[in-house]
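Okay, so here's the structure we're looking at.
The values are calculated or read from the model by the stated rules, or taken from the named source; none is laboratory data. Note that this is a predicted model, so its numbers are computed, not measured. Cβ coordinates were reconstructed from backbone atoms using ideal geometry, including for glycine residues, and neighbour counts include every protein chain displayed. Note: areas computed on protein heavy atoms with side chains; ligands, DNA, RNA excluded. Shrake-Rupley method; radii C 1.70, N 1.55, O 1.52, S 1.80 Å.
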Amino acid sequence: MKSLLSVCDVKNEVKEILDLANEFKHGSIKNKPLDGKSLAMIFQKSSTRTRVSFEVGMYELGGNALFLSDNDLQMGRGEPISDTAKVLSRYVDGIMIRATEHKDLVEFEKIATVPIINGLSNLEHPCQTLADMQTVKEHKGDFDGKFVYVGDGNNVCNSLLLISACLGMDIAVACPKTYQPNEKIMKKAKTIAKESDSNVTITDNVELAVKDADVVYTDVWVSMGNEKEQGKRKKALGKYQVNSKLMKLACDDAIFMHCLPAIRGEEVTADVIDGENSVIIDQAENRLHSQKSVLYHLLK
Ligand code: CP
Ligand code: NVA
């Protein structure tokens, strides 16, 4: 039994997962490899892309997905994670969880006897970044360019650091000193980057980071769960907005990426996110193909 809680869990299989995702996208796999399998999907936070792509993905692979909102589960009323993990493991072949606390995901995984998939936690969003790297490959052909993440050093940023290092792609993160990525993840990404002969840079100098970038990526300033810090965050992150002036520092053919949902006028201006270099809808589409690859990889 193997789970996907962090990009590190598939460190040596990232390329294989992306290749398979590409095969799914281009329709070369026609059979129903997950016929008769079921996936439970627990959501402690809202979702559009993750829910729909996992649900449709399971259906297209011949399986079944169950949407379980935390409000409807007994877990939401205090039933222990351990009982929930043991019971669900008797019914289904895998469990995807969008968790408020990453530590709950870890506890769930220790007890469950089926694979657990992180559908976003406060620490990482590995499934998102698999789709992101599928999109980079499609638009750039390889991972030789410079990937730049601008803004809050959040869950998406953490997983991007790890996956770039796994693929040997140089990554620079431009963020305020108060909103840097997770310290342990930065260290881990630097260790992996040494092995893959790539660079990890963390800076508060956004102009320097974006200079000659091939990919410019941002995410919301206020992630789910951080709503109370809204004012403080908007103030600290104000100069990290991705706008056309900033994009001019990147390569002419640089692509703009965002995991969505986005707030136009905050982390990105409408002209950039809706502009011709934006690949956000391809990214969202690729959630479906990469999700199918992850499901095949873990549940087959
Ligand atoms: N990018 C992403 O995970 O979107 P949802 O929150 O809509 O699932
Ligand atoms: N960082 C965002 C990503 C949403 C897909 C959040 O956690 O809310």
- Which residues, taken from the stretch 85-103, are in contact (Cβ under 8 Å) with a residue 40 or more places away in the chain, out of contact with any Pro (no Cβ under 7 Å at 6 or more places or on another chain) and either over 19 Å from Val156 (Cβ atoms) or of a type in the set (S, T, N, Q) (or both)? Leu88, Tyr91, Val92, Asp93, Ile95, Thr100
- For the stretch 36-55, enumerate the residues that are within 13 Å of ligand 2 (Cβ to nearest atom), open to solvent by 40 Å² or more (accessible area, probe 1.4 Å) and touching an Asp or Glu at 6+ places or on another chain (Cβ under 9 Å). Gln44
- Query: Residues of the stretch 137-158 being open to solvent by 10 Å² or more (accessible area, probe 1.4 Å) and under 19 Å from Met247 (Cβ atoms), which ones?
  - Reply: His139, Lys140, Gly145, Lys146
- Message: Could you list, ordered by first residue, the pairs with Cβ atoms under 9 Å in which the first is in the stretch 124-136 and within 14 Å of Lys25 (Cα to Cα) and open to solvent by less than 10 Å² (accessible area, probe 1.4 Å) and the second is of a type in the set (Lys, Arg) and away from ligand 1 (no atom under 12 Å from the Cβ), at least 6 apart or interchain?
- Response: Gln134/Lys25
- Query: Do you know which of the residues in the stretch 56-67 that are of a type in the set (A, V, I, L, M, F, W, C), in contact with a strand residue (DSSP E or B) (Cβ under 6 Å, 6 or more places away or on another chain) and open to solvent by 20 Å² or more (accessible area, probe 1.4 Å) is nearest to ligand 2 (Cβ to nearest atom)?
  - Reply: Phe67
- In the stretch 208-227, anything more than 15 Å from Val156 (Cα to Cα), in contact (Cβ under 8 Å) with a residue 60 or more places away in the chain and open to solvent by 20 Å² or more (accessible area, probe 1.4 Å) is listed as Asp212, Asp214
- Message: Please count how many residues of the stretch 18-69 are small (Gly, Ala, Ser) and within 28 Å of Asn122 (Cα to Cα).
- Response: 9
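So that you can scan it fast, the table gives a plain yes or no per residue for (1) in contact with a helix residue (DSSP H, G or I) (Cβ under 8 Å, 6 or more places away or on another chain); (2) over 21 Å from Gln283 (Cβ atoms):
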{"site": "Asp35", "(1), (2)": "no, yes"}
{"site": "Ile42", "(1), (2)": "yes, yes"}
{"site": "Thr50", "(1), (2)": "yes, no"}
{"site": "Ser53", "(1), (2)": "yes, no"}
{"site": "Leu66", "(1), (2)": "no, yes"}
{"site": "Ser82", "(1), (2)": "yes, yes"}
- Could you look through the stretch 269-294, keep only residues that are open to solvent by 10 Å² or more (accessible area, probe 1.4 Å) and within 16 Å of ligand 2 (Cβ to nearest atom), and pick out the one that is nearest to Gly145 (Cα to Cα)? Ile280
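Residues that are over 16 Å from the mean Cα position of the chain (by Cα) and of a type in the set (Val, Ile, Thr): find the helices (runs of 4 or more DSSP H) completely inside the stretch 14-125 holding 3 or more of those.
Working: elements: 14-25, 49-60, 81-91, 102-111.
Here the list reads 81-91.
Report whether or not Ile255 is without any contact (Cβ under 8 Å) to a residue 12 or more places away in the chain and within 17 Å of Gln134 (Cα to Cα).
Values: without any contact (Cβ under 8 Å) to a residue 12 or more places away in the chain: no; within 17 Å of Gln134 (Cα to Cα): yes.
No, not satisfied.
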- Task: Any chance you could count how many residues in the stretch 206-224 are of a type in the set (S, T, N, Q) and assigned to a strand (DSSP E or B)?
- Result: 1
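Working only within the stretch 262-300, note down all residues that are among the β-branched types (Val, Ile, Thr) and either part of a helix (DSSP H, G or I) or within 12 Å of ligand 1 (Cβ to nearest atom) (or both).
Of all residues in the stretch 262-300, those among the β-branched types (Val, Ile, Thr) come to 263, 268-269, 272-273, 279-281, 294.
The answer is Val272, Ile273, Ile280, Ile281, Val294.
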- So which residues in the stretch 228-268 are within 18 Å of Thr48 (Cβ to Cβ), open to solvent by 40 Å² or more (accessible area, probe 1.4 Å) and within 14 Å of ligand 2 (Cβ to nearest atom)? Pro261, Ile263
- Item | Positions within the stretch 167-184 being open to solvent by less than 30 Å² (accessible area, probe 1.4 Å) and part of a helix (DSSP H, G or I), in sequence order | Leu167, Tyr179
